Amino acid sequence: MQTHPDRLATVATLFGLRPAPPERCRVLELGCGDAGNLIPMALALPDASFVGVDAAPKAIARGQGLVAELGLKNVTLEARAIEELAPAAGGFDYVIAHGVYSWVPAAVRDGLLAVCREALGDAGVAYVSYNALPGGRLRQAVRDMLVFHTAELIDPRERVAQARALLRFLLEGVPGEHGLGALMRDQAERMLARSDATLLHDELAEVNDAVYFHEFAAHAVRHGLQYLAEADFFEMQIGAASDPAAQALLAIEDPVRREQYLDFLKGRMFRQTLLCRAEIAIDRAPHPEVLERLAVSTQAQPQGEPGPDGKQAFTGPTGSTLTTDHPLVIDALKRAASAWPAALWVRDVLGPQATPDDRRALCDALLRSYAANLVALHVHPPAPTTTPGEAPRASALARHQALGGQMVTNLRHASVRIEDDLGRRLVTLLDGTRDRAALTAELRSFLSDRGATVPADLPDALDRSLDGLARLALLEGP
Ligand SMILES: C[S@@+](CC[C@H](N)C(=O)[O-])C[C@H]1O[C@@H](n2cnc3c(N)ncnc32)[C@H](O)[C@@H]1O
């Protein structure tokens, strides 16, 4: 989700760049694996073009197979090493390297940033994620133990099984309610919750180096790049820091130093950093009026009714809150919430009658809400439908993914889980050719074939399931 051109373009717009519109952009992904990130973007942005590169031929072949199966013409995948690439100068608007920088040797890291510089056009944006220090120290300590414990093992399944055994050993055996012991157990617990693939390819990877943000930013400078922002705007906020600490941070003018001290406070372990060419002028203080060019989407819900003072609190799914007594802001947030998972253009929410005061109030509030992770902003809003329609349609990718597992990619470029077999079967049927009666008949025979009871209210259950899939951003509009 954080790598989507909509996200990169939105953040870049807030920081004063004029990035390429996502609907016609050119994207290069380095270390793209089997293109699990590129393919949904390519489906959603048919007039944009996507190139993915990875050194693992098997992963690329899997991606190519899916590209062919989905009939995608705007994706090219190549089995190549990053350090051997010579991209056309300025040939891309967005370069993505997710989960690569910390997992490759220093020479490849150099190559990665050199490719970003060479490939990026004038207002281009690179996304590079990496493990960060000092937060990553503890994770590194546990990783060191895992590497030691599995050093003699070759079989991947055995490596994962033994890694899990050691993590359980730590979880059960490390003493102490507080301090280092508690932190170690917390870390072991987090690692145990990871999938086998993540344990194997991330934690047990041959290379897994965390860096201080200032080191990463200096590395970017050596390659003619500069720090633009984080892909998550809320990650750049001082947030819950005490007043004196917040004042001290705000007094630091150099954005790289300020971000570094923020990492000291937050103990951040992972960064998703955006870079741009060194010569580009960046406006480091986002102006609220820019939001009039953007769209907003939110899952924030009003908490009860407004108080006697007219104040209404909103809370988002991650627990962030905003309280406002401005009727226009209250109305805008309620409208955006009921439009979820689609988005509303801020200018449409304002309407033609809005006064300059109204515009300022709404844009200020939405920018604060964005900083608090209560709303998302978009230059190219996602377009899932909120009403399933006569013959509902899920994306070709979601239908394909539902055949093989529980995780499917929605139209907001997020992974969602569909746990039950019947729900997955339903998704595979949503190709836009079946109406409710045909879907009910298919689900009935699916249940009968398995000897399961067919509920008497199957048509109503179908309606409820379709509404649920729409709320999960899985249904395409007409
Ligand atoms: C941790 S995986 C991340 C994959 C994907 N970006 C993701 O987020 O799921 C790192 C990827 O980088 C690839 N890789 C490692 N070294 C590389 C190199 N020198 N050139 C190209 N790809 C490389 C690996 O094959 C692997 O697919």
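Take the residues in segment 72-86 that are away from the ligand (no atom under 13 Å from the Cβ) and closer than 26 Å to His380 by Cβ; name whichever of them is surrounded by the fewest Cβ atoms within 10 Å (Cβ to Cβ). Ranking the qualifying residues of segment 72-86, first place goes to Lys73. Please indicate, with yes or no, whether at least one residue in segment 98-112 is within 10 Å of the ligand (Cβ to nearest atom), hydrophobic (A, V, I, L, M, F, W, C) and under 14 Å from Leu275 (Cα atoms). Yes, the conditions are met somewhere in segment 98-112. Scanning segment 87-103 for residues that are of a type in the set (A, V, I, L, M), touching a residue at least 60 places away in the same chain (Cβ under 8 Å) and surrounded by fewer than 21 Cβ atoms within 10 Å (Cβ to Cβ) turns up nothing. Residue under question is Asp357, and the condition is that it be within 30 Å of Ile252 (Cβ to Cβ) and either open to solvent by 30 Å² or more (accessible area, probe 1.4 Å) or part of a strand (DSSP E or B) (or both); does it hold? In short, no.
Which one of these is open to solvent by less than 30 Å² (accessible area, probe 1.4 Å) and away from the ligand (no atom under 16 Å from the Cβ): Ala12, Ala42?
Testing whether each residue is open to solvent by less than 30 Å² (accessible area, probe 1.4 Å) and away from the ligand (no atom under 16 Å from the Cβ) leaves just Ala12.
For Gly36, the conditions (1) open to solvent by 30 Å² or more (accessible area, probe 1.4 Å); (2) in contact with a Phe, Trp or Tyr (Cβ under 8 Å, 6 or more places away or on another chain); (3) within 12 Å of the ligand (Cβ to nearest atom); (4) of a type outside the set (Phe, Trp, Tyr) all hold with the exception of (2). Any idea which residue in segment 47-71 is nearest to His400 (Cα to Cα), counting only those that are away from the ligand (no atom under 13 Å from the Cβ) and assigned to a loop (DSSP other than H, G, I, E, B)? That would be Gly71.
All of (1) of a type outside the set (D, E, K, R); (2) within 16 Å of the ligand (Cβ to nearest atom); (3) in the same structural domain as Phe50 (by TED's automatic domain parsing) hold for Val125 with one exception: (2).
Val290 meets each of the listed conditions (1) aliphatic (A, V, I, L, M); (2) closer than 30 Å to Arg143 by Cβ; (3) assigned to a helix (DSSP H, G or I); (4) in contact with a helix residue (DSSP H, G or I) (Cβ under 7 Å, 6 or more places away or on another chain) apart from (2). Restricting attention to segment 252-264 and to residues that are acidic (Asp, Glu) and out of contact with any Phe, Trp or Tyr (no Cβ under 7 Å at 6 or more places or on another chain), the residue that is least open to solvent (accessible area, probe 1.4 Å) turns out to be Asp254. Determine whether Leu17 is touching a helix residue (DSSP H, G or I) at 6+ places or on another chain (Cβ under 6 Å) and either of a type in the set (A, V, I, L, M) or open to solvent by 20 Å² or more (accessible area, probe 1.4 Å) (or both). In short, no.
Taken across segment 268-280, residues that are surrounded by 15 or more Cβ atoms within 10 Å (Cβ to Cβ), among the hydroxyl-bearing types (Ser, Thr, Tyr) and either in contact with a strand residue (DSSP E or B) (Cβ under 6 Å, 6 or more places away or on another chain) or in a loop (DSSP other than H, G, I, E, B) (or both) do occur, with at least one present. Among the residues of segment 206-246, just one is in a helix (DSSP H, G or I), farther than 22 Å from Thr10 by Cβ and touching a Phe, Trp or Tyr at 6+ places or on another chain (Cβ under 8 Å), namely Phe216. Taken together, the residues in segment 389-440 that are open to solvent by less than 20 Å² (accessible area, probe 1.4 Å) and either closer than 15 Å to Leu462 by Cβ or without any contact (Cβ under 8 Å) to a residue 12 or more places away in the chain (or both) amount to 10. From the list Thr387, Thr440, the lone residue that is of a type in the set (S, T, N, Q), in a helix (DSSP H, G or I) and on the phi < 0 side of the Ramachandran plot is Thr440.
Leu249 fulfils the conditions (1) open to solvent by 40 Å² or more (accessible area, probe 1.4 Å); (2) in a helix (DSSP H, G or I) except for a single criterion, (1).
The values are calculated or read from the model by the stated rules, or taken from the named source; none is laboratory data. All of these numbers come straight from a predicted model, not from anything done at the bench. Virtual Cβ from ideal backbone geometry, glycine too; neighbours counted across all protein chains shown. All accessible areas refer to the heavy atoms of the entire protein, side chains included, with ligands and DNA or RNA removed. Shrake-Rupley method; radii C 1.70, N 1.55, O 1.52, S 1.80 Å.
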